[in-house]
Amino acid sequence: MAVGKEIRTKIASIKNTQKITRAMEKIAASRMRKTKDRMQATRPYSKKIARIIKHLAHANPEYKHSFLIKRDVKRVGIIVVSSDKGLCGGLNSNVFRKTLTHLLQWEKDGIDVDIATIGSKAAGFFSNLKANVVANSVKLGDSPHIQDIVGLIRIMLDSYNAGHIDELYVINNEFVNTMTQKPIIQQLLPVIACEIDTTLSGRHWDYIYEPDAKDILDHLLIRYVESIVYQGLVENNACEQAARMVAMKSASDNAGNLISELQLIYNKARQAAITQEISEIVAGAAAV
Amino acid sequence: MTMIVHVDIVSAEEEIYSGRAEMVFAPAEMGEVGITPRHAPLITKLKPGEVRVKIDNNETLHFYISGGLLEVQPHMVIILADTAIRSKDIDEAAALQAKARAEEALQDKSGKLDYAQAQAQLAQAVMQLKALDKLRKRGG
């Protein structure tokens, strides 16, 4: 019977799509575990650096590194972290929306903005926006290395040192849990995590420095900024996988709903055709 | 009982080692240092080289690091390792690359713009279809 051939092919094609989205959901779930482990593995490093910096800044109050001094803000830099691939729900657009609200606020205050982007989605979005993109790092994959973003951070740090920008921020998704990812913005420069802590003032011991406390502080501050950006990147990766998993799950569910609706329509059409045929036969028999 | 010191070796990407040791050897910038328990607090930069963690008389672990920082407190040794060899030149080359990529992305508008436009049109079409569907349901 030729009834509903189109509907049947449609159902078949939706079933194929559903297979794909299911597979993507499973892949994202397994990748999420890995990226989450990676995210947790990066935490001790920056925590330990922050503690040492705090101590150093406290022990050497006369030496003020430029990364620790607040300046009047005329121009800011922002590092936007996004994913390389799509199909992950509202993950990237949430980050972009948050970035845009900050951009508007800065524009209102007469502050210029330099943008550095990580991930192809941010690169595409901000170059379409004709924003001032100064650096860009793409295709980092699931297991990015810190060398991949060193160049980008270096540009921002140089421009901070040259007095071109007065503050530096990083914006990325925070992994709250598998269902929730929230865009957060963190201030990198001047370093605020290392403001002098009054609770330390009672202690009088100090480290032996080799070769020199200032040298070490310079070295550490750069590493600190790098590790925070890297952490943001790795966290964003975990968010990407989680968001993709959820998006693909809902896509599979929607495909299921669509299939059952189409199946219903198909059955109705088939039934109607049979009824019609029978009534034609009956009418024909009655006429004889 | 022999005295022991807690050792953490971490890099920005992962935790490399965490555990106890009798003694730690590290390639400090001014020459190799050996840290025993109750060492005075010390911070020094590390050169690329080998870190040896002596757990007991029978077992010593070896790690290769590409530079970093060593922090010593009386009962704790922390090594903040770099993940790759870093120098001013390498960092600067990487910076230039990142910049070049940004400029490229700005110039290469054609491909991405078309794609973005197509996406917008697709979204519009879907919305129209949905509206039509609603109208049909209400009418029929």
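Derivation of every value follows stated rules applied to the coordinates shown; laboratory data play no part. Worth saying up front: this structure is predicted, and the values here are computed from it rather than measured. Reconstructed Cβ throughout: ideal geometry from the backbone, glycine too, with neighbour counts over all protein chains shown.
Annotations
- Direction-averaged projected area, Cα convex hull, region A:39-180: 10.0 nm², rounded to one decimal.
- Working ranking of peptides B:9-15, A:35-41, B:53-59 by packing, defined as the average number of other Cβ atoms within 10 Å per residue, highest first, is B:9-15, A:35-41, B:53-59.
- For region B:5-81, the percent of C-alpha pairs falling in each 5 Å distance bin, counted from 0 to the bin holding the largest distance, reads 4, 17, 32, 29, 15, 3, 0.
- Set of aspartates and glutamates near A:LYS36 by C-alpha distance (under 17 Å), chain-local residues within fewer than 8 positions excluded: A:GLU25, A:ASP142, A:GLU174, A:GLU235, A:GLU240, B:GLU13, B:GLU14, B:GLU15
- Number of partner chain Cβ atoms within 10 Å, mean per residue of A:143-151: 5
- If the segment from A:ASP253 to A:ARG71 were pulled out straight at 0.36 nm per residue, it would be longer than the present Cα-Cα gap by 60.3 nm.
- With helices as the sole contributors, chain A gives -21500 deg cm²/dmol at 222 nm; each DSSP H run of n ≥ 4 counts as -39500 (n - 2.57), and the sum is divided by every residue.
- Whole-number D in µm²/s for the protein assembly as shown (Stokes-Einstein; Kirkwood sum over Cα pairs; 10 °C, 1.306 mPa s): 62
- When the C-alpha to C-alpha distance is required to be over 23 Å, the pairs from A:LYS26/A:LYS85; A:LYS10/A:LYS249; A:LYS108/B:LYS99 that qualify are A:LYS108/B:LYS99.
- Here the average projected area of the convex hull drawn through the C-alpha atoms of region A:3-52 stands at 4.2 nm².
- Sorting the segments A:83-91, A:111-119 by their mean number of nearby beta carbons within 10 angstrom, highest to lowest, gives A:111-119, A:83-91.
- On the beta carbon distance between A:ASP37 and A:LYS5, with R0 = 41 Å, the FRET formula returns roughly 0.25.
- Taking a straight line from the alpha carbon of A:LYS74, these aspartates and glutamates sit under 18 Å away, with near neighbours fewer than eight places off in the same chain left out: A:GLU107, A:ASP109, A:ASP112, A:ASP114, A:ASP158, A:ASP166, A:GLU167.
- Averaged over A:127-137, number of beta-carbon atoms from partner chains that fall within 10 Å: 5
- Inter-site label distance for B:ARG38 and B:LEU135 at 7 Å from Cα along Cβ, in nm: 8.9
- In degrees, nearest ten, helix A:5-41 long axis to first principal axis of chain A (Cα): 20
- Helix A:43-59 axis, angle to chain A major axis (alpha carbon atoms, nearest 10°): 20
- Distance between modelled label sites at A:THR17 and B:MET3, nm, 7 Å Cα→Cβ extension: 7.0
- Reference-scaled alpha-carbon Rg (2.2 N^0.38 Å with N residues) for region A:111-189: 1.17
- Calculated diffusion of region A:23-65, Stokes-Einstein form, Kirkwood radius summed over Cα pairs, 10 °C and 1.306 mPa s, µm²/s: 121
- Test item: B:58-71 mean partner chain Cβ contacts at 10 Å: 1
- Ordering of A:21-29, A:229-237 by packing [mean C-beta count within 10 Å, highest first]: A:229-237, A:21-29
- Formal net charge of residues neighbouring A:ASN94 (Cβ-Cβ distance under 13 Å; K, R +1; D, E -1): +2
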